[in-house]
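Step one of this worksheet: look at the structure below.
The values are calculated or read from the model by the stated rules, or taken from the named source; none is laboratory data. It should be emphasised that the depicted structure is a prediction, and the values quoted were computed from it without experimental measurement. Cβ atoms come from the backbone with ideal geometry, glycine included; neighbour counts cover every protein chain shown. Calculation scope for accessible area: heavy atoms of the full protein, side chains included, ligands and nucleic acids excluded. Shrake-Rupley method; radii C 1.70, N 1.55, O 1.52, S 1.80 Å.
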Amino acid sequence: MGKKTKSSKGKTKNSVHLVPCPTTLEDDRPPSVVEEKSPPHKKRRSTRQHSQLPPSSSSSSSEKKKKCTWEGSAQEIPEHLNSCQHVLVTCPHTGCDHEEECGDLPQHIIDCAKKISNTQPLIQYTELANLCACANLNAWRQLLCLVNCGDNIAKVYAMENYHQTGCFIWLRDDTTCKELGADLLPWLQSEAAKGTCEHALFGLGFYYENVKGNSDDSSPDDEREAVKWYTLAAEKGLAGAQNYLGYHYKHGIGVPADNDAALKWFNLSATQGNASGQNNLGFCYQAGGFGTPIDKTEAVKWYTLAAETGHPHAQYNLAYCYYAGDEGVPKDMATALRWFLPPAAHGDHRCQNMVGHMFLKGVGTAVNKSESLKWLTLAAENGNEEAQDTLGCCYRTGDGVAEDKVTAMKWFELAAANGYAASQNNLGHCYQAGEGTRVDNKKAARLYSLAANQMNIAGIVNLANCYMTGTGIPLDKAEGFQMMRFAAKRNCVPAQEKVARYYLNGDGTAIDEEESFKWFLLVAEKGKARAQEHVGNCYKRGCGVSKNKVEALKWYLRAATQGHAAAQNSAGECYYFGDGTPVDMREAVKWLTVAAEEGDDPIAQSNLGDCYLDGNGVAADEAKAVHFFSLAVENGECHYAQYAQERLDEINRRQYHTP
């Protein structure tokens, strides 16, 4: 996954194009530490201390507490919590169902703790941390209340969650994470030295990896030190530490890579109900090679357990399993949509993009263009380049929204500026066609080049066309041919057909009829009618292949049934003259009529005129003959039109000399 940064409006932006594929193996950390390929962005310092909860209500304690009725976007929730006086949060102590306003709850927690025996477990910290990682907002409120009470273990998990936050990327705050780490360090070192508090052991490992490890005085020893403390916590049975340790063994961070050890720790974490461990174990089974064979059914089992607790990455991975379908996992688009929706609602731009596409195309649901536009816009505004490109296409063609070339260009520009190849190509088209801007062929060629450099096939084809015609760049047909052939070899059908014609006409290369036929046949076999008609011509004339009139008719008929007028006429001629088949005048007239009337083909119109004039395959009808000859004259600019005119003149002379 791509690295995300906080914008001035609190939204997220992703610098890497995300396609619908499973997220990489992760320990529910922020994208900045999950198999990144792009450099991390600098984050602005938060202007708000997230660990501070809303102030106490000024109303008397005897007044009835009111539920908050405020509604707003996910990005606005943190700011709202700073001022809301009505947010009710349940006390996190085991067995206590007391609800209190955020601002008053810390005092209740302190009072509640005094009433409970010290031998009784007060707070299920691991469960609370698990819920926070699963984007549970109420758990976050409880955790912050405990932080305000000075609870050091709560601070450990607040530090962790401010660094990763699952889907709540808008709550991510590395500054607060580091401040909590600095505040906790003496306690962590003291408790870890005793070796009795697994939370402190885990917290010290986290400190070395993500606080000191991300500071100016970090060193490779920090990773090894982190693994040491994670191991001690994991051996005491702490599920979160077991998951972290599995991640380090998987990626060889601070310890030699060991897939068997990674699988062991993920399994221990998952069986204790840790959602991140369940998600990572699911990935091991989905991808295979991590100490276990590929088992998609087992992967779905673990993804489902994690997804049902609200784990956003597991929900995405589970949705993708049903979206793609595979051995042991039937494709189920409706179920995929169901699991894409929760993380999308929490602001995950990957899922917003997928939901938008599914509503746009009617995948797993009925087509709903307005709903599609809503989700695609959310994803695009959150920096998803694929969604930006799709929105641009929607506005360019008026698909579900009023056509607006200028707005289309705006979305293409945003994605293209971040290096999204498809948008670079689409923006090039805007400049070449003058859509939303003035024509600028040089800019178009530069943008096609940027897309082509990323192996975008459409960009390669468009740049090849520029070289072939000298549009925006110097004419270079040899270069254009090589680029088009490169695209053709990568299964681009339009490029394959162009290469076939280049070989046929010697355009950018030497004439080679056999090579031309090979490429035309490749396109024809993919069902393209124009190529099928040309293959029929090659067999009929022996162009690049031995003459074979039976094969010629076969390919003419394939194209004819797709409505290709020239092929319909050629099929009619085959039946008329008995080429590759016995003479069959009725079948000949059938195909000539379709080509003449539906395809408006002048050659078929001229041929059909002959049939009606001479009574071949149809009752003689001079009026119909005149009708079709006249159409051929109007539509044709070839010798067939000249022939039709000669036939009309012949009819006129005959009528003139009739006694």
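Model label sites at residue 271 and residue 490, defined 7 Å from Cα along the beta-carbon direction, differ in position by 4.7 nm.
State the percent of C-alpha pairs, over all pairs in the stretch 246-286, separated by a distance greater than 12 angstrom. Intermediate values should be presented prior to the final figure.
On the way: 414 of 820 pairs.
Looking at the stretch 246-286, the distances longer than 12 Å represent 50 percent of pairs.
Over the Cα atoms of the stretch 507-551, Rg to Rh with Kirkwood Rh, two decimal places? Don't skip to the end; give the middle numbers.
On the way: Rg = 10.4 Å, Rh = 10.6 Å.
Across the stretch 507-551, the Cα-based Rg/Rh ratio is 0.98.
Phi-derived couplings, Karplus 6.51 cos²θ - 1.76 cosθ + 1.60 at θ = phi - 60°, listed residue by residue for the stretch 432-448: 6, 8, x, 9, x, 6, 6, 5, 8, 5, 5, 5, 4, 5, 5, 5, 4 Hz, with x used for Gly and Pro. When all alpha carbon pairs of the stretch 233-351 are counted in 10 Å bins from zero, the resulting P(r) reads 16, 43, 31, 10, 0 %.
Starting from the Cα-Cα distance between residue 455 and residue 577, subtract it from 0.36 nm times their residue separation and give me the gain in nm to one decimal.
Working: separation 122, 0.36 × 122 = 43.92 nm, distance 4.92 nm.
Length gained between residue 455 and residue 577: 39.0 nm.
What net charge do the residues around residue 571 carry, taking every other residue with its C-beta under 14 Å from that of residue 571, with Lys and Arg at +1 and Asp and Glu at -1? So the surrounding residues net to -2. Counted over all Cα-Cα pairs of the stretch 392-493, pairs farther apart than 23 Å make up 25 percent. Label sites at residue 654 and residue 403, each approximated as a point 7 angstrom past Cα along Cα to Cβ, lie 4.9 nm apart.
If you stretched the chain out fully between residue 440 and residue 361, how much longer would it get, using 0.36 nm times the residue separation minus the C-alpha to C-alpha distance? Numbers along the way, then the final one.
Values: separation 79, 0.36 × 79 = 28.44 nm, distance 3.29 nm.
Answer, rounded to one decimal: 25.2 nm.
The gain in end-to-end length when the residue 368 to residue 149 segment is fully stretched comes to 74.0 nm, 0.36 nm per residue minus the alpha carbon separation.
Please work out the ratio of the alpha-carbon Rg of the stretch 135-280 to 2.2 N^0.38 Å and round it to two decimals. Show your work: numbers first, answer last.
Numbers: Rg = 14.5 Å, N = 146, 2.2 N^0.38 = 14.6 Å.
Output field value: 0.99.
Between rounded, prolate and oblate, where does the stretch 528-611 land on the alpha carbon gyration tensor, with a ≥ b ≥ c its root eigenvalues, rounded for a/c under 1.5, else prolate if a/b exceeds b/c? Here the stretch 528-611 falls in the oblate category. Spin-label model, residue 228 to residue 308: label points 7 Å out along the Cα-to-beta-carbon direction sit 4.1 nm apart.
Kindly identify the stretch 301-437 as rounded, prolate or oblate by the Cα gyration tensor criterion: order the square roots of the eigenvalues as a ≥ b ≥ c, call it rounded if a/c is under 1.5, otherwise compare a/b with b/c, prolate if a/b is larger, else oblate. Each step should come with its number before you reach the end.
Working: a/c = 2.43, a/b = 2.14, b/c = 1.14.
Taking the square roots of the gyration eigenvalues as a ≥ b ≥ c, the stretch 301-437 is prolate.
On the beta carbon distance between residue 630 and residue 393, with R0 = 45 Å, the FRET formula returns roughly 0.55. Taking R0 as 35 Å, what FRET efficiency do you get between residue 235 and residue 345 from their Cβ-Cβ distance, rounded to the nearest 0.05? Plugging the Cβ-Cβ distance into 1/(1 + (r/R0)^6) gives 0.35. What shape does the stretch 406-453 have by the C-alpha gyration tensor, where a ≥ b ≥ c are the square roots of the eigenvalues, rounded means a/c under 1.5, and otherwise prolate means a/b greater than b/c and oblate the rest? The shape class here is oblate.
Sorted by accessible area with a 1.4 angstrom probe, largest first, how do 283, 577, 266 fall?
Details: 283 35, 577 130, 266 0 Å².
Sorted descending by solvent-accessible area, the residues read 577, 283, 266.
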